[in-house]
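Heads up: the structure comes next, in structure tokens.
The values are calculated or read from the model by the stated rules, or taken from the named source; none is laboratory data. This is a predicted model, so every value here is computed, not measured. Note: ideal-geometry Cβ built from the backbone for every residue, glycine included; neighbour counts use all protein chains shown. Keep in mind that these areas ignore ligands, DNA and RNA; they rest on the heavy atoms of the full protein, side chains included. Shrake-Rupley method; radii C 1.70, N 1.55, O 1.52, S 1.80 Å.
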Amino acid sequence: MADIERESVEYDVVIVGAGPSGLSAAIRLKQLDPDLSVVVLEKGSEVGAHILSGAVLDPAGLDALIPDWKAKGAPVTVPVREDNFYMLGEAGSIRLPNMLMPPLMNNHGNYIVSMGNVCRWLAEQAEGLGVEIFPGMACSELVYADDGSVKGVVAGVFGLNADGTPSDGFEPGMELHGKYVFLGEGVRGSLTKEVISKFGLSEGKEPQKFGLGMKEIWEIDPAKHREGTVTHTMGWPLGNNAGGGSFVYHLDNNQVYVGFVVHLNYENPHLYPYMEFQRFKHHPMIAELLKGGKRVAYGARAISEGGYQSMPNPVAPGVAILGCGVGLVNVPRIKGNHNAMLSGIAAAEAAHSAIKAGRSSDRLDDYATALTDGPIGKDLKRVRNVKPLWSKFGLLGGLSFGGLDMWVANLTGLNLFGTMRHGKTDAAATGKAKDFAPIDYPKPDGVLSFDRLTNVSFSMTNHEESQPAHLRLADASVPISINLPEYAEPAQRYCPAGVYEVVEEAGKDARFVINFQNCVHCKTCDIKDPSQNITWVTPQGGDGPNYPNM
């Protein structure tokens, strides 16, 4: 479709994604120069629609961006009052003393928030400064200048048939050009992947690592609700099958965020992350909390876990990558929103200086330096070995050595183990099915645990069914000819939305079915497929989950 003619609009800065990084960048740009033209393009139906609610927010980024955020009514009102860490067994638990935890693990001064609502509030602040924000505008292509620099994006393409040809209602979208383009797509964004590959931005870096985070929002018995309580667990049900753990956050209004993270470098292809989450809720401690309650929402997303040594170069000519596209999550703290906001601020300051100096479409190297040498780099350097130590030594060894490494870093500024390597990608870590026993999972009871398709309905996800599938197979034969015999086709299990099925009928060849309408845009398939045969691209604007405004 390269021959399609499109209208174009010029801006100083074009920002893809109305998440915490993109909105922070937009706000900071307008704070520095109100005359700059700034546009934010969001693929969700509204700002916050694709932001999975429920997080403990370190307010460092918010303090730097809008120091008087409390006076301005930010939806950040539930301070953490209690911090709990548990090691779970199947029938019991052991609480880990807080005094054993490195100081950085302390949540004092942090807040339990809905990041969807925080982003909606940030969007209001941005629009008040004159930023143009367009939800429902998926950015499907990058636009390059003749010299190879990134010039802009194509946004707002609608009305393609399933085979990719224009329908009668086809809308070609438009090109939005900028002196600089910021990519705040979140984890594993399609344009971000293209930029990293085209410009070799990950050369010399460790492979990025990921986790799959699944969350449910529950309304529970008021007698059991403890506003401001934060609980993290490790151990059961994952055991030695995979790294990961859970979180339970008590927000206001008797709501609790119940979440489960599975590190995607697990070997056993029979592992079923979604069912591990559902099984977790039957632990006596969790079951008692949820008894009599009601699940009101569900969602899932990938989490970048590679840390400092996996961060790609975030800049190329004309473009900067923000937030989770770089991989700025502090893994042991399970926090990345503060760093996402700080990255947006740093990118904005670098772009403002460049534009003020008459520059455009070049590399914002000052931004790259700010990431590695500023507060984000400081935050990530001291925990850079936690993930590889866990991967190498398992739960108990990783907990012991990782804790020791963090304590030494806290006391001396140095990491006891230097900088450890991750090694394989998460896809390459997947073992052969013949080498692992299948895992028997209990059937969901419909009270505490739920089947995938029922839960997906609580994400309010929706896709126009006549459009091309946004989950692309490089080779349509691979799922049945390679992945099924070699790996028992793990897409059937690693997807938290039931998108992929292997249909086997008597007298017929097995078929691989992609139910893309179910997709919650977590990107796990793009990451974990052992053959790296699946690519996630953005569907048309407004499609996908619509997480609740809570």
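General observations
- The residue that is farthest from residue 297 (Cα to Cα), counting only those in the range 479-516 that are surrounded by fewer than 23 Cβ atoms within 10 Å (Cβ to Cβ) and among the polar types (S, T, N, Q), is 481.
- Of all residues in the range 116-131 being within 20 Å of residue 321 (Cα to Cα) and of a type outside the set (Val, Ile, Thr), the one that is surrounded by the fewest Cβ atoms within 10 Å (Cβ to Cβ): 123
- Checking each residue in the range 161-180 for being out of contact with any Leu (no Cβ under 8 Å at 6 or more places or on another chain) and either β-branched (Val, Ile, Thr) or open to solvent by 40 Å² or more (accessible area, probe 1.4 Å) (or both) picks out 161, 162, 163, 165, 168, 169, 171, 172, 174, 175, 179.
- Members of the range 51-77 that are more than 28 Å from residue 219 (Cβ to Cβ), in a loop (DSSP other than H, G, I, E, B) and open to solvent by less than 40 Å² (accessible area, probe 1.4 Å): 66
- Count of residues meeting criterion [among the aliphatic types (A, V, I, L, M) and either under 10 Å from residue 233 (Cα atoms) or open to solvent by 30 Å² or more (accessible area, probe 1.4 Å) (or both)] in the range 85-114: 8
- Pick from the range 409-443, criterion under 26 Å from residue 100 (Cα atoms) and in contact with a Phe, Trp or Tyr (Cβ under 9 Å, 6 or more places away or on another chain), ranking: surrounded by the most Cβ atoms within 10 Å (Cβ to Cβ): 417
- When we screen 202, 197, 246, 190 for residues that are of a type in the set (Ser, Thr, Tyr), in contact with a Pro (Cβ under 9 Å, 6 or more places away or on another chain) and under 29 Å from residue 429 (Cβ atoms), the only hit is 202.
- Pairs where the first residue, in the range 267-284, is under 12 Å from residue 492 (Cα atoms) and the second is hydroxyl-bearing (Ser, Thr, Tyr) and part of a helix (DSSP H, G or I), C-beta under 7 Å, 6+ apart: 269/487; 273/494
- Taken over the range 356-407, the residue count meeting the criterion of being of a type outside the set (Gly, Ala, Ser), open to solvent by 30 Å² or more (accessible area, probe 1.4 Å), in a helix (DSSP H, G or I) and in contact (Cβ under 8 Å) with a residue 40 or more places away in the chain is 8.
- Only one entry of 228, 336, 325, 244 meets the criterion of being in contact (Cβ under 8 Å) with a residue 24 or more places away in the chain and farther than 24 Å from residue 421 by Cβ, and that entry is 228.
- You will find that of 22, 73, the residue that is farther than 21 Å from residue 190 by Cα and in contact with a helix residue (DSSP H, G or I) (Cβ under 8 Å, 6 or more places away or on another chain) is 73 and no other.
- Matching entry among 191, 290 (being under 19 Å from the mean Cα position of the chain (by Cα) and in contact (Cβ under 8 Å) with a residue 60 or more places away in the chain): 191
- Residue, nearest to residue 48 (Cα to Cα), within the range 489-543, restricted to residues that are of a type in the set (Gly, Ala, Ser) and modelled with pLDDT of 95 or more: 497
- Subset tally (residues that are assigned to a loop (DSSP other than H, G, I, E, B) and of a type outside the set (A, V, I, L, M, F, W, C)) for the range 190-221: 10
- Tally of residues being crowded, with 24+ Cβ neighbours inside 10 Å, closer than 17 Å to residue 378 by Cα and of a type in the set (Gly, Ala, Ser) across the range 307-321: 1
- Every residue from the range 269-301 that is among the β-branched types (Val, Ile, Thr) and open to solvent by 10 Å² or more (accessible area, probe 1.4 Å): 296
- Residues of the range 517-550 that are outside any strand (DSSP E or B), open to solvent by 20 Å² or more (accessible area, probe 1.4 Å) and either within 22 Å of residue 429 (Cβ to Cβ) or without any contact (Cβ under 8 Å) to a residue 60 or more places away in the chain (or both): 517, 530, 531, 532.
- Annotation for the range 1-16: at least one member residue is outside any helix (DSSP H, G or I), surrounded by fewer than 22 Cβ atoms within 10 Å (Cβ to Cβ), among the hydrophobic types (A, V, I, L, M, F, W, C) and at pLDDT 95 or above.
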